[in-house]
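A short write-up of the structure that comes next.
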Amino acid sequence: MSKQDQLNALHKAMSECKKCSLRKGCSRVVPGAGSAQAEILFIGEAPGKKEDELGVPFVGAAGKFLDEMLGTIKLKREDIYIANTLKCRPPENRDPLPEEKNICYPWLLEQIKCIQPKLIVTLGKHSMELFLPNQKISEIHGKALRREIPEIGKQIFYTLYHPAAALYNGSMREVLIKDFKRIPKVLEKIKSEKK
């Protein structure tokens, strides 16, 4: 079975999940989108209103900014994979609760196992905390960290502020763009180490 077929089967299983109360309140499950062959996996927080309507992650204002930043490093959405810590929209776009993240975490792990990205980019503190607990985003943004995650083995994580933060705070925009532009260098380093 190809990676794409595995992902499709996984997405179908996700769409039938009713393990938490969020499923009752959202229009649809938003599994993720992009290439099953992606070298870079971006992980955000949770679907928002627009994502819930369309079933695709990062399609609102933060998504437009993400697309803009991808363009600065000569990538398109089709080149990467984007997922969220939660697959269903929390009411009123509130922050994900720890128990909701715990329920959705196995889905995310299955996506990672399927795609086998060289680099995981966490967008915001909620995805960072899943893989890099007890860290402060203000201290580790723009840094690549290697972690051993029991279910997926050794993995390189690169932490960024969430693109939405830049929409509300102009100074954050420059920080995010600067950190984002380092992604190709981080990826090159990972590839050269594997040779």
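The values are calculated or read from the model by the stated rules, or taken from the named source; none is laboratory data. Since we're looking at a predicted model, the values are computed, not measured. Cβ coordinates were reconstructed from backbone atoms using ideal geometry, including for glycine residues, and neighbour counts include every protein chain displayed.
Structure summary
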| read-out | value |
| --- | --- |
| Whichever residue in segment 145-175 is farther than 17 Å from residue 119 by Cβ, at pLDDT 90 or above and among the aliphatic types (A, V, I, L, M) and, among such residues, is surrounded by the most Cβ atoms within 10 Å (Cβ to Cβ) | 164 |
| Number of the condition not met by residue 136 [criteria: (1) surrounded by fewer than 21 Cβ atoms within 10 Å (Cβ to Cβ); (2) touching a Pro at 6+ places or on another chain (Cβ under 8 Å); (3) among the basic types (Lys, Arg)] | (2) |
| Residue list for segment 102-156, filter: β-branched (Val, Ile, Thr) and closer than 14 Å to residue 43 by Cα | 112, 115, 120, 121, 122, 156 |
| Helices (runs of 4 or more DSSP H) within segment 1-55 that include 3 or more residues closer than 17 Å to residue 104 by Cα | 3-15, 22-25 |
| Tabulated pairs, segment 37-65, first at positive phi, second buried (at least 20 other Cβ atoms within 10 Å of the Cβ) and in a helix (DSSP H, G or I), C-beta under 8 angstrom, 6+ apart or interchain | 58/51; 58/66; 58/163 |
| Hey, residue 119 of a type in the set (A, V, I, L, M) and under 21 Å from residue 54 (Cβ atoms) or not | no |
| Single condition residue 120 does not satisfy, out of (1) over 25 Å from residue 192 (Cβ atoms); (2) part of a strand (DSSP E or B); (3) not charged (D, E, K, R) | (1) |
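To keep it simple, each residue is scored yes or no on (1) buried (at least 16 other Cβ atoms within 10 Å of the Cβ); (2) of a type in the set (S, T, N, Q); (3) in contact with a Leu (Cβ under 8 Å, 6 or more places away or on another chain).
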| position | (1), (2), (3) |
| --- | --- |
| 2 | no, yes, no |
| 9 | no, no, no |
| 17 | yes, no, no |
| 36 | yes, no, yes |
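Per-residue answers, yes or no, for (1) surrounded by fewer than 20 Cβ atoms within 10 Å (Cβ to Cβ); (2) of a type outside the set (Phe, Trp, Tyr); (3) within 20 Å of residue 7 (Cβ to Cβ):
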position: 39; (1), (2), (3): yes, yes, yes
position: 45; (1), (2), (3): no, yes, no
position: 50; (1), (2), (3): yes, yes, no
position: 64; (1), (2), (3): yes, yes, no
position: 71; (1), (2), (3): yes, yes, no
position: 78; (1), (2), (3): yes, yes, yes
position: 82; (1), (2), (3): no, yes, yes
position: 85; (1), (2), (3): no, yes, yes
position: 94; (1), (2), (3): yes, yes, no
